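The values are calculated or read from the model by the stated rules, or taken from the named source; none is laboratory data. Here the structure is a predicted model, which is why all the values come from computation and not from measurement. When we count neighbours, we look across all protein chains shown, and the Cβ atoms used for this are built from the backbone with ideal geometry, even at glycine. Heavy atoms of the whole protein, side chains included, go into the accessibility calculation; ligands, DNA and RNA do not. Shrake-Rupley method; radii C 1.70, N 1.55, O 1.52, S 1.80 Å.
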Amino acid sequence: MLFYMLFISTILILCGSIGANAQGECARGLVTAGVPKGDITIEYGNPLEILCMLNTPTIYNSSHLRFYDNGEEVSKELVNLVNETTLRLFVEKPPISSRLYSCKLMTAPNEFEGVCFNYVYVGGKPQEVLSFSCISNNFENLNCSWIPVQNPFTTKYRITYSLRPNENRHFYECPNKSDVEHNYCLWTFDSNPPYRLPYEYFFFKLTGENKLGSIVRKYTINHFGVVLPRKAENLNFVNASSSSLTISLVIPSALKVFPPGIKIKVMYQSKWDPLNLWKEANTSFVINESERRVLNITRLKYANTVYDIKVLLKSNKAVDDEKWWSEPATITLHTKPSVPGLPPKTDVGCFESKVQGTFRNIYIYWQQIPQYEENGDNFEYKILQIEELVGSEWIER
């Protein structure tokens, strides 16, 4: 005689048949002591119910059955005996996850035989992605990527863009479908469709779909604002004084026709400055020559000093965020020497006189100036003139 058990619920439960002299088939070709079998798919928020049923006749009963969740025995609070051959697992609201539930039969103390197993997938309909962003590397391509919400159900995405808002007829697909499988899309000059340089705004539509449903979201991207320039080229020395350095640089060729233009930031640091204390130069007076830009960095504090200089580029349309600055182009230059910045510090009483026989030795003391005020190599202190007061007259010695 055959008995069939049918459960009407919000989830799909796959149960096997129970019959005299019959063996349960847990999976195709796999004969075990009972059932259930098959994968279970649940939308998040709904309960999970699994029945583990022994084949009959048998010397065991349902009290010998145990449920395991990813190898760990399930709490007894979640299971109950239905009848002599059936053990029920019920979880009111299982978390979003992908788990392996198994049912085992205790054939002797601490000895278990596998009955069957279920892969249980708890997930939901596609959700709005955690982030969507685009970047144009040096105005030569456009790469848009997104971070999906984790979901055991595979979500397939489709991305398109148009050049006008609410456009339904003229839109452009992702050139490479395999890119979309990795949650990004890249348009280049050689792709089909190609990267469209002249347009400031791109209007994207991202569609996500899985076995439970679909979602569509739209994003507007300021194309010129997400251009990340390559670093400046041909950064060179032009001229120097004791308090200034003049440099020249070349904007990468792809950006020479960039519609909103490129912002330049110049940072400098002397060997006397604290580590990583960079100062920003005034770039208001950059000279635009035919092939290069020239900048005179003025009011430098130290003469005869090594300066590290770095130049960064950014789109004039980019937001005020450090991530949109290019990598720095760097150069190390040297200001010219100058006269010492300070005289040595002395005072009226900073000397000592000692008589030795027919001679008199004069010892003079002074405070050395800071090394950064020496302003030249081979710095030394010299006494250039000595005068002695004899009577009412000063006499040079």
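A few points about this structure:
- Sequence-distant residues sharing a close amide H with Val227 (under 5 Å, placed H): Ser136
- Residue-wise HN-Hα couplings along the range 125-142, as the Karplus relation 6.51 cos²θ - 1.76 cosθ + 1.60 with θ = phi - 60° gives them from phi, are 5, x, 9, 4, 4, 5, 7, 9, 8, 10, 9, 10, 7, 6, 6, 10, 6, 9 Hz; Gly and Pro carry x.
- Ligands, DNA and RNA are left out, and with a 1.4 angstrom probe the accessible area of the range 231-274 is 43 Å² per residue.
- For trypsin sites (Lys or Arg not before Pro), the sites in the range 325-388 that DSSP calls loop and that have at most 11 other Cβ atoms within 10 Å are Lys382.
- Between the range 329-361 and the range 133-195, the alpha-carbon center distance in angstrom: 69
- Here the peptides 271-281, 192-202 are ranked by packing, the mean other Cβ count within 10 Å, and the order with the highest first is 192-202, 271-281.
- Local electrostatic count at Phe67 - Lys and Arg +1, Asp and Glu -1, tallied over other residues with Cβ under 11 Å: +1
- Residues whose amide H lies under 5 Å from that of Ile297, counting only those 5 or more places away or on a different chain, are Leu245, Thr246, Ile247; hydrogens are built 1.01 Å from N in the peptide plane.
- Table column - 3J(HN,Hα) (Hz), the range 107-113, Karplus curve with 6.51, -1.76, 1.60, x for Gly and Pro: 8, 6, x, 6, 10, 10, 10
- Along the range 221-235 the Karplus relation, 6.51 cos²θ - 1.76 cosθ + 1.60 evaluated at θ = phi - 60°, assigns HN-Hα couplings of 10, 6, 4, 5, x, 10, 7, 9, x, 6, 5, 4, 10, 6, 6 Hz to successive residues, with x for each Gly and Pro.
- Neighbour net charge for Val339 - beta-carbon separation under 14 angstrom, K R +1, D E -1: -2
- By the Cα gyration tensor, the chain has an equivalent ellipsoid whose semi-axes, rounded to whole angstrom, run 82, 36, 14 from largest to smallest.
- Remark: the range 288-397 is approximated by an ellipsoid whose semi-axes, taken from the C-alpha gyration tensor as √(5λ), come to 55, 14, 12 Å, largest first.
- Förster-model FRET efficiency, 25 Å R0, Lys93 and Gln127, C-beta, rounded to 0.05: 0.90
- For Arg292, distant residues with modelled amide H under 5 Å away: none
- Nearby lysines by direct alpha-carbon distance to Lys271 (threshold 17 angstrom, same-chain neighbours under 8 apart not counted): Lys279, Lys301, Lys310, Lys336
- Using a cutoff of 8 angstrom between alpha carbon atoms and counting only pairs six or more residues apart, the relative contact order for the chain works out to 9 percent.
- Those aspartates and glutamates that a straight Cα-Cα span of less than 12 Å connects to Lys156, excepting residues fewer than 8 apart in one chain: Asp179, Glu181, Glu209
- Apportionment of accessible area to carbon and sulfur, the range 245-397, percent (1.4 Å): 50
- Within straight-line cross-link reach of Lys265, aspartates and glutamates at Cα separation under 12 Å, skipping those fewer than 8 residues along the same chain: Glu280, Glu322, Glu327
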